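Let me begin by presenting the structure, written as structure tokens, before commenting on it.
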Amino acid sequence: AQSVDQPDAHVTLSEGASLELRCSYSYSAAPYLFWYVQYPGQSLQFLLKYITGDTVVKGTKGFEAEFRKSNSSFNLKKSPAHWSDSAKYFCALEVSNMGYKLTFGTGTSLLVDP
Amino acid sequence: GGIITQTPKFLIGQEGQKLTLKCQQNFNHDTMYWYRQDSGKGLRLIYYSITENDLQKGDLSEGYDASREKKSSFSLTVTSAQKNEMAVFLCASIRTGGAEQYFGPGTRLTVL
């Protein structure tokens, strides 16, 4: 069975610093990987996805993520971080032959101090 | 563009009560989903539907029923509300061929 791990429940950093949120996955086939963001009081919004090809994918709001097959990771990055990036971030794995179902990690709550 | 609407925004029920949550989308997407989001946890799939009148169970389907009578709408019924299932319920949809899921604003369930 597939799974997604986000080992850091909370991350705090100062505005202007570089952010990197960790995500690792377990899946026997080629993964389709996603990052979503949830701002306080709002629903989930799509940030970016990796399907195939370039291992560094760029998304909305200045975010990018790097797919590393060697260690089954898909870390989210942004530099510099802004206070408005404070939100909860979810990594997800799609099982494409089963109705595009997503398996989500437990999320990382990011706080960027202004 | 399009939008997903969920009603009601807040749902309060008594333990043991049958409660229904509704979701509408105007993207003309084929596949729709119901997720449950518990505090401190990720999203867990309850039911999904690939097309009108299709229903597929997710990992958390016990205690829930679903209905997809129209392409644009997907309802979720809590068959007997329990205090341990107080959570936010999120509806989502995706177009045929994949890409990203679009999420609704959620329904927050409180069980008294």
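Filtering segment B:22-59 to residues that are facing another protein chain (nearest Cβ under 8 Å) and without any contact (Cβ under 8 Å) to a residue 24 or more places away in the chain leaves B:Gly40, B:Lys41, B:Gly42, B:Arg44, B:Leu45, B:Tyr48, B:Ile50, B:Gln56. When B:Asp65, B:Asp38, B:Asp54 are screened for being surrounded by 13 or more Cβ atoms within 10 Å (Cβ to Cβ), acidic (Asp, Glu), closer than 30 Å to A:His10 by Cα and out of contact with any Cys (no Cβ under 9 Å at 6 or more places or on another chain), only B:Asp38 passes. Please determine, by comparing only the residues of segment A:31-71 that are among the polar types (S, T, N, Q) and buried (at least 19 other Cβ atoms within 10 Å of the Cβ), which one is farthest from B:Ser93 (Cα to Cα). Taking the candidates together, the pick is A:Gln38. Residues in segment B:10-31 that are part of a strand (DSSP E or B) and either among the β-branched types (Val, Ile, Thr) or out of contact with any Gly (no Cβ under 8 Å at 6 or more places or on another chain) (or both): B:Phe10, B:Leu11, B:Ile12, B:Gly13, B:Thr20, B:Leu21, B:Lys22, B:Gln24, B:Thr31. Taken over segment A:10-35, the criterion of being part of a strand (DSSP E or B) and free of Cβ contacts under 8 Å to residues at least 60 places away in the same chain is satisfied by A:Glu20, A:Ser24, A:Ser26, A:Trp35. The number of residues in segment B:60-102 that are part of a loop (DSSP other than H, G, I, E, B), of a type in the set (A, V, I, L, M, F, W, C) and within 13 Å of another protein chain (Cβ to nearest Cβ) comes to 2. The set of residues in segment A:37-50 that are in contact with a strand residue (DSSP E or B) (Cβ under 6 Å, 6 or more places away or on another chain) and more than 8 Å from chain B (Cβ to nearest Cβ) comprises A:Val37, A:Gln38, A:Tyr39, A:Leu47, A:Leu48, A:Tyr50.
When segment B:64-91 is limited to residues that are of a type in the set (Gly, Ala, Ser) and in contact with a strand residue (DSSP E or B) (Cβ under 7 Å, 6 or more places away or on another chain), the one that is nearest to B:Thr20 (Cα to Cα) turns out to be B:Ser75.
Conditions tested, residue by residue: (1) modelled with pLDDT under 95; (2) surrounded by fewer than 21 Cβ atoms within 10 Å (Cβ to Cβ).
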residue: A:Ser73; (1), (2): no, yes
residue: A:Lys78; (1), (2): no, no
residue: A:Ala81; (1), (2): no, no
residue: A:Ser86; (1), (2): no, yes
residue: A:Cys91; (1), (2): no, no
residue: A:Val95; (1), (2): yes, yes
residue: A:Met98; (1), (2): yes, yes
residue: A:Leu102; (1), (2): yes, no
residue: A:Val112; (1), (2): no, no
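Put simply, of B:Gly98, B:Gly42, B:Gly58 the only residue that is within 14 Å of A:Leu102 (Cα to Cα), modelled with pLDDT under 95 and in contact with a Gly (Cβ under 7 Å, 6 or more places away or on another chain) is B:Gly42.
Where strands (runs of 3 or more DSSP E) fall entirely within segment A:42-114, those with at least 2 residues that are among the acidic types (Asp, Glu) are at A:64-68.
The values are calculated or read from the model by the stated rules, or taken from the named source; none is laboratory data. These figures come from a predicted structure and were not determined experimentally. Please note: Cβ atoms are built from the backbone with ideal geometry, for glycine as well, and neighbour counts cover all protein chains shown.
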